[in-house]
Amino acid sequence: MAILITGGAGYIGSHTMVELLEAGRELVVVDNFLNSKPESLERVKKITGKNFKFYEVDLLDYDALDKVFCENDIDSCIHFAGLKAVGESCAKPLLYYHNNITGTLNLCEIMQKHGAKRIVFSSSATVYGKPASVPITEDFPLSTTNPYGETKLMIERILKDLHAADNEWSVSVLRYFNPIGAHKSGLIGEDPQGIPNNLLPYITQVASGKRECLSVFGNDYNTPDGTGVRDYIHVVDLAKAHLKAIERAETVTGIEYFNVGTGIGYSVLDIVHAYEKATGIKINYKIVDRRPGDIDECYANPEKAYNVLGWRAENNIEDMCRDSYNWQLKNPNGYGD
Ligand code: NAD
Ligand code: UD1
């Protein structure tokens with residue numbers, strides 16, 4: 001039986017594929033390369049020496065997706081495919097709602113039709129909105145401030161209702177905190193297009209000389225040094241959480257929610273200093289205004305993932321910075337054209 005990976009060519013999907021292939025799992029992968037390149041899949045093969053079936057399919061194309069299920073024995077799915085840029089989601093809400101929600105509805109309907117009722121879904125800490133306190137546990141109230149976050153909340157809701165209607169479903173909702181870093185080989189990593197929105201890709205491009213200076217968005221937050229605090233997690237640790245989640249989904253039915261973070265909050269300046277320490281490179285930065293919508297602090301209580309899945313993050317912040325830089329050094333233009 002195979003696991004369907006949607007969005008496998010993307011940043012987190014490609015790292016998860018490596019862990020699953022190395023664990024001997026059979027994979028069928030779909031992606032439409034909306035935000036990724038075929039080369040990442042070639043790199044996954046190179047790292048693992050293993051193969052998998054790939055379909056260039058858009059989740060919005062119901063018939064094409066249905067055909068993937070007709071041609072393969074798929075019993076579960078790890079669902080990464082979706083658009084993920086917060087700013088873009090505010091400018092193009094219909095694109096985000098249609099792609100993320102309709103894509104997921106098609107997927108779930110087809111899975112149900114083929115009797116594949118196990119799904120691990122990529123949610124985000126963004127569903128906690130502006131948390132009243134930290135660390136965040138899974139039972140915190142949910143809210144969000146942008147269309148991207150709304151799609152995550154709506155999909156969580158859809159999956160909840162799906163399980164309520166048919167309790168043969170096994171649903172694992174993984175709420176990622178801030179994934180960074182890259183595989184130790186330097187063969188796969190994050191490949192943002194244009195100017196990076198997120199902190200680590202930006203710092204990495206400053207370190208490599210591609211950008212002049214990091215803008216630190218505000219130093220008047222209610223945090224120890226005034227800059228925003230987040231829970232950064234190595235993408236390989238995050239990938240390993242998916243293996244644990246799918247193993248659990250194979251043994252129980254139900255719907256479960258897990259924070260996937262380290263439980264440690266680092267400020268923007270902590271990250272700058274960790275990056276300098278890990279790479280020996282000075283990171284130029286300047287303090288600028290706050291970025292609208294940003295919150296003071298966001299970090300997980302990851303105990304449930306440890307207690308239930310037996311998963312815990314292993315890499316520290318210097319590992320994350322070093323591996324980001326290694327990927328950048330080996331791939332100055334990402335996966336290229
Ligand atoms: P990514 O953009 O690198 O990967 C997503 C993949 O999905 C891409 O390869 C893209 O081409 C594909 N895709 C998008 N729409 C598709 C469609 N309609 N049909 C087929 N393929 C489609 O993103 P990522 O960082 O790997 O994130 C994976 C998932 O995790 C996303 O759902 C994202 O929202 C979620 N997430 C990411 C982060 C993060 O910081 N990276 C944090 C929390 C949650
Ligand atoms: C962002 C997304 C969030 C998503 C998460 C996953 C936004 C508003 N939120 O969260 O939905 O789930 O990524 O990784 O995009 N910073 C700078 N300078 C920069 C970039 C960032 O100072 O050039 C600061 C930010 O103000 C923040 C921290 O670095 O305090 C982390 O920012 P970022 O990497 O964008 O992640 P989040 O905002 O936490």
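Worth a mention:
- Prolate/oblate/rounded call for the range 175-243, Cα gyration tensor, a/c under 1.5 rounded: oblate
- Principal axes of the chain: Cα extent on each, largest first, Å: 54, 43, 39
- Structure note, pairs 240/304; 184/240; 92/130; 84/286; 46/184; 152/244: Cα-Cα distances above 18 angstrom occur for 92/130; 84/286; 152/244.
- Taking each DSSP H run with n ≥ 4 as -39500 (n - 2.57) and averaging over every residue of the chain yields -11000 deg cm²/dmol at 222 nm.
- For the chain, the relative contact order comes to 19 percent (Cα pairs under 8 Å, sequence separation of at least 6).
- Seen against the Cα atoms of the chain and their longest principal axis, helix 39-48 is set at about 80 degrees.
- Relative to the compact-globule estimate of 2.2 N^0.38 Å, the Cα radius of gyration of the range 136-257 comes out at 1.33.
- Among 215, 264, 14 the positive-end extreme of the charge dipole of the chain (Cβ point charges): 215
- The charge dipole of the chain, taken about its Cα centre with unit charges on the Cβ of Lys, Arg, Asp and Glu (plus for the first two, minus for the last two), comes to roughly 580 debye.
- Cα gyration tensor category, rounded, prolate or oblate, for the range 1-99 with a/c compared to 1.5: oblate
- The aspartates and glutamates within cross-link reach of residue 210, meaning a Cα-to-Cα straight distance under 19 Å and a gap of 8 or more places when in the same chain, are 190, 191, 276, 323, 337.
The numbers here are math on the coordinates, done by the rules we state, and not lab data. This structure is a prediction, so every number in the text was calculated from the model and none was measured. Every residue, glycine as well, gets a Cβ built from its backbone with ideal geometry; the counts of neighbours run over all protein chains shown.
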